[in-house]
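Input: a single structure, listed below in structure tokens.
The values are calculated or read from the model by the stated rules, or taken from the named source; none is laboratory data. What you are looking at is a predicted structure, and each value in this text was computed from that prediction instead of being measured. Every residue, glycine among them, receives a Cβ derived from its backbone with ideal geometry; neighbour counts consider all protein chains shown.
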Amino acid sequence: MAFHRYSSEELRSVACARRRMAAFRARAISLYWRGRRAIRVRRRSFDRPRPGRIIGRRYCRKVWRLIMHSPDFDPSRLACPAPQESSDIIRMAHGGGGRLMWRLIEDVFLPGFRRQGETGRDPLSDPPHDSAVIRTGDGTRLAFTTDAFVVRPLFFPGGDIGSLAVYGTVNDLAMAGAKPLWLAAAFIIEEAFPIETLQRIVASMRSAADAAGVRIITGDTKVVDRGKGDGVFITTTGIGLIPEDVGVSPAGIQVGDKILLSGDVGRHGVAILSVRENLQFEGALPSDSGPLNGLVRAMVKRAPQAIHCLRDLTRGGLATALCELARESGTGFVVDESQIPVQPPVAAACELLGLDPLYVANEGRMIAIVARDAAEELLAVMQSHPAASDPRIIGEVTAESPGVVELRNAFGGSRVLDFLSGEQMPRIC
């Protein structure tokens with residue numbers, strides 16, 4: 001029996017249709033319960049159902065009629081809440097790590113900074129990666145990266161903006177296979193910000209730098225008017241040294257490679273939401289924020305040539321990282337959903353809030369694309385390192401459907417993972 005093989009565009013359109021249907025269903029439920037609250041206020045409009053009574057179609061029609069005749073009802077809210085693909089203004093989704101962020105980079109920043117006709121290798125012509133690779137005159141390779149941190153709240157379970165700023169930049173350097181050496185830190189501080197709180201953040205940065213084995217050697221400070229800075233924003237820049245026998249890049253991904261995940265996903269995003277929205281989850285876990293350079297160093301020491309690509313999971317979570325690498329390498333990924341570890345408290349919180357844990361942010365997890373024959377050996381290295389937590393082999397690289405990530409579940413079904421079109425959780429890093 002012959003089966004129809006869907007193209008990449010067909011798979012993406014199906015995934016988009018599913019997201020739109022889910023968004024419409026969520027909006028309909030929201031409008032329904034808004035109507036229920038309105039009924040409690042307008043008791044004279046019609047009688048409410050008795051407790052335990054089954055709500056039928058006639059009652060639902062009354063609810064919809066009340067909602068649609070409400071003076072603040074806007075029919076446009078029934079549309080998919082995902083932002084438009086093209087926009088002449090910056091939206092929150094442009095910083096969410098999804099489709100709009102990549103379009104901003106490709107349409108604004110790369111054309112603006114790339115030099116045409118320049119002799120020599122231009123780092124901006126390389127596949128996008130967490131760090132730029134620079135080769136000095138004597139052949140030494142350096143990894144260079146910068147990152148800004150605007151997380152809200154400033155302190156959360158398992159970390160704060162200070163330690164996050166250090167670990168985030170250290171991890172970006174490590175994803176290039178580099179040994180992080182030095183950091184620079186720039187602070188934008190709001191007027192009237194407490195000195196004591198700033199000292200806590202600075203002390204946390206020093207402790208995180210010591211734990212990661214790096215030094216903060218320079219920086220800058222700016223103060224803005226009260227109400228213009230939301231406390232403090234931090235930008236960190238880092239430099240690291242890449243060993244000669246290491247070549248980590250999306251261009252190195254090959255068909256047949258295995259995909260390793262260093263631990264459970266979604267903890268950082270849930271930790272941020274628990275404080276930001278004042279939610280108390282039973283058995284809630286702290287953020288997974290932490291340095292990954294020690295884990296990468298151990299893997300490089302064991303099998304440097306077998307590590308083809310590394311990517312830390314930050315904004316957009318595991319799903320976005322997989323989509324990025326599949327697109328940049330021109331290969332397809334097949335991922336086993338049953339092998340992706342999600343802690344029960346994180347799964348429960350995501351189910352309650354309507355979030356997909358695969359898209360929830362992390363700050364201490366990574367994926368490694370490695371050669372098939374070295375996958376078990378490198379997995380054993382992960383299992384013995386404290387920076388990893390329940391690491392697993394979650395998938396492999398295929399030649400089918402280039403640029404598409406297929407997620408297969410335990411029941412034999414599958415779905416396509418795509419970039420986020422909107423902003424799921426703003427300001428999580």
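If you check every pair at least six apart or on different chains, which have Cβ atoms under 9 Å apart with a residue in region 94-105 that is in contact (Cβ under 8 Å) with a residue 24 or more places away in the chain first and a residue that is of a type in the set (D, E) and surrounded by fewer than 17 Cβ atoms within 10 Å (Cβ to Cβ) second?
Here the result reads R99/E85; L100/E85, each pair linking region 94-105 to a residue that is of a type in the set (D, E) and surrounded by fewer than 17 Cβ atoms within 10 Å (Cβ to Cβ).
Condition first: within 19 Å of A388 (Cβ to Cβ), aliphatic (A, V, I, L, M) and modelled with pLDDT of 95 or more. Now tell me which residues in region 237-269 satisfy that.
I259, L260, L261, V265 - these are the residues of region 237-269 that are within 19 Å of A388 (Cβ to Cβ), aliphatic (A, V, I, L, M) and modelled with pLDDT of 95 or more.
Here is a yes/no grid of residues against (1) closer than 15 Å to T236 by Cβ; (2) in contact with a helix residue (DSSP H, G or I) (Cβ under 7 Å, 6 or more places away or on another chain):
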{"residue": "L142", "(1), (2)": "no, no"}
{"residue": "V150", "(1), (2)": "yes, no"}
{"residue": "L154", "(1), (2)": "no, yes"}
{"residue": "A176", "(1), (2)": "no, no"}
{"residue": "F193", "(1), (2)": "no, no"}
{"residue": "S204", "(1), (2)": "yes, yes"}
{"residue": "A208", "(1), (2)": "yes, yes"}
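Would it be correct to say that A203 is among the small types (G, A, S), surrounded by fewer than 16 Cβ atoms within 10 Å (Cβ to Cβ) and touching a Gly at 6+ places or on another chain (Cβ under 8 Å)?
Working: among the small types (G, A, S): yes; surrounded by fewer than 16 Cβ atoms within 10 Å (Cβ to Cβ): yes; touching a Gly at 6+ places or on another chain (Cβ under 8 Å): yes.
So A203 fits the description; yes.
Does V214 qualify as being surrounded by 15 or more Cβ atoms within 10 Å (Cβ to Cβ), β-branched (V, I, T) and within 17 Å of L292 (Cα to Cα)?
Yes, satisfied.
Quick one: is S421 surrounded by 18 or more Cβ atoms within 10 Å (Cβ to Cβ) and within 18 Å of the chain's Cα centre (by Cα)?
It is true that S421 is surrounded by 18 or more Cβ atoms within 10 Å (Cβ to Cβ) and within 18 Å of the chain's Cα centre (by Cα).
Residues to consider are V300, V334; find the one that is under 30 Å from S207 (Cβ atoms), among the β-branched types (V, I, T) and more than 15 Å from the chain's Cα centre (by Cα).
Numbers: V334 fails: under 30 Å from S207 (Cβ atoms).
Result: V300 is the single residue among V300, V334 that is under 30 Å from S207 (Cβ atoms), among the β-branched types (V, I, T) and more than 15 Å from the chain's Cα centre (by Cα).
Test of understanding: among D220, D230, D225, which residue is in contact (Cβ under 8 Å) with a residue 12 or more places away in the chain, charged (D, E, K, R) and in contact with a Phe, Trp or Tyr (Cβ under 8 Å, 6 or more places away or on another chain)?
Working: D230 fails: in contact with a Phe, Trp or Tyr (Cβ under 8 Å, 6 or more places away or on another chain); D225 fails: in contact with a Phe, Trp or Tyr (Cβ under 8 Å, 6 or more places away or on another chain).
Checking each option against the conditions leaves just D220.
Restricting the search to region 246-270, which residues are surrounded by fewer than 24 Cβ atoms within 10 Å (Cβ to Cβ), within 20 Å of I394 (Cα to Cα) and β-branched (V, I, T)? Spell out how you get there, then give the answer.
Just the residues of region 246-270 that are surrounded by fewer than 24 Cβ atoms within 10 Å (Cβ to Cβ), to begin with: 246-247, 249-256, 258, 263-264.
From what is left, the residues that are within 20 Å of I394 (Cα to Cα) are 249-250, 252-256, 258, 263-264.
Correct list: I253, V255.
Of everything in region 369-402, what is in a loop (DSSP other than H, G, I, E, B) and crowded, with 17+ Cβ neighbours inside 10 Å? Give them in sequence order.
Within region 369-402, A371, H385, A387, A388, P391, S401 meet the criteria.
Given V346, V334, V381, which one is touching a strand residue (DSSP E or B) at 6+ places or on another chain (Cβ under 6 Å), more than 22 Å from W102 (Cβ to Cβ) and of a type in the set (A, V, I, L, M, F, W, C)? Give the derivation first.
On the way: V346 fails: touching a strand residue (DSSP E or B) at 6+ places or on another chain (Cβ under 6 Å); V381 fails: touching a strand residue (DSSP E or B) at 6+ places or on another chain (Cβ under 6 Å).
Selected residue: V334, the only one of V346, V334, V381 that is touching a strand residue (DSSP E or B) at 6+ places or on another chain (Cβ under 6 Å), more than 22 Å from W102 (Cβ to Cβ) and of a type in the set (A, V, I, L, M, F, W, C).
Looking at V232, V275, which one is modelled with pLDDT under 90, hydrophobic (A, V, I, L, M, F, W, C) and within 23 Å of V151 (Cα to Cα)?
Just one listed residue meets the conditions, V275.
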